[in-house]
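Report on the following structure.
The values are calculated or read from the model by the stated rules, or taken from the named source; none is laboratory data. Quick caveat, the model's predicted, so the values are computed rather than measured. Here the Cβ is made from the backbone with ideal geometry for all residues, glycine too, and neighbour counts use every protein chain on show.
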């Protein structure tokens, strides 16, 4: 965020160098590591790192560490996003250097997508296969967007994001957002999904959902999609989600519950009464409930709001 005229000028100066402009353009399309940026722009690690540092010092880029890698992207604030968007819109459509950068970025994305596809096909956790019980994905997506209507989503957190499905549904309506997952491979899958969906204002991090490194009162909206039935301590998970939620912020919880007509439902259903108790004990007030009936399992969507006294 620009706090002064000088800060704004410093950002313009940082971008107004050929390599740094290329790096800014690339990082505006998603999260990239130093080694990936080196391969795209064809420059050495010290040189690329120096350019990235200057852009970050000027507030144009931001970074985060994920194990041994550091990812860079355009800073997620309105002023910086608008500045970069305005500058990129002035680019000629037939610049040779930019076309080569884009071709290399597309190759990198294709490689990421191949790794992601191979993981999903060969090693995907069994719980992801339960998505078949969602039935019509359009109906589910509409139900999620309806549940979150009425007030802005703002800054979004999706806990145990898995394939990034919830981020793809709710993310386009959010100002910014983060998906977390403990699995490094699932983070890779979700990051690729966001790139394919062209959602550069969203990010994915490797994180323990029971001990998140976010400060308290940080997010406007939190989503927990089909997580409770494999969570070892669901009430602790909901309390941690509440901790990072702003006062009057909303939690959307999606869970399979036993269908009324099902004779032998899979053992993944959770009693609505238990979910309600966990939400209330965490200091949340349920404001809306929607049940999508299914042949084997129902899908229950519960929206709750954080009580001010728990802020």
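If the condition is being assigned to a helix (DSSP H, G or I), closer than 10 Å to residue 206 by Cβ and either touching a strand residue (DSSP E or B) at 6+ places or on another chain (Cβ under 6 Å) or at pLDDT 95 or above (or both), then segment 174-191 contributes 184, 187. What about residue 39, is it closer than 30 Å to residue 182 by Cα, modelled with pLDDT under 95 and in a strand (DSSP E or B)? No, not satisfied.
For segment 68-99, a tally of residues being in a helix (DSSP H, G or I), over 17 Å from residue 15 (Cβ atoms) and touching a strand residue (DSSP E or B) at 6+ places or on another chain (Cβ under 6 Å) returns 0.
Suppose we keep only residues that are free of Cβ contacts under 8 Å to residues at least 60 places away in the same chain, in a helix (DSSP H, G or I) and over 20 Å from the mean Cα position of the chain (by Cα) within segment 219-238. Which one would you say is nearest to residue 280 (Cα to Cα)? By that ranking, first place goes to 235. Scanning segment 256-283 for residues that are modelled with pLDDT of 90 or more, surrounded by 18 or more Cβ atoms within 10 Å (Cβ to Cβ) and under 17 Å from residue 225 (Cα atoms) yields 275, 278, 279. The set of residues in segment 4-24 being under 15 Å from residue 43 (Cβ atoms) and assigned to a helix (DSSP H, G or I) consists of 18, 19, 20, 21, 22, 23, 24. For segment 155-173, the set of residues classified as in a loop (DSSP other than H, G, I, E, B) and in contact with a strand residue (DSSP E or B) (Cβ under 9 Å, 6 or more places away or on another chain) consists of 160, 161, 162, 164, listed by residue number. Within segment 47-64, is even one residue assigned to a loop (DSSP other than H, G, I, E, B) and either in contact (Cβ under 8 Å) with a residue 60 or more places away in the chain or surrounded by fewer than 20 Cβ atoms within 10 Å (Cβ to Cβ) (or both)? There is no residue in segment 47-64 that is assigned to a loop (DSSP other than H, G, I, E, B) and either in contact (Cβ under 8 Å) with a residue 60 or more places away in the chain or surrounded by fewer than 20 Cβ atoms within 10 Å (Cβ to Cβ) (or both).
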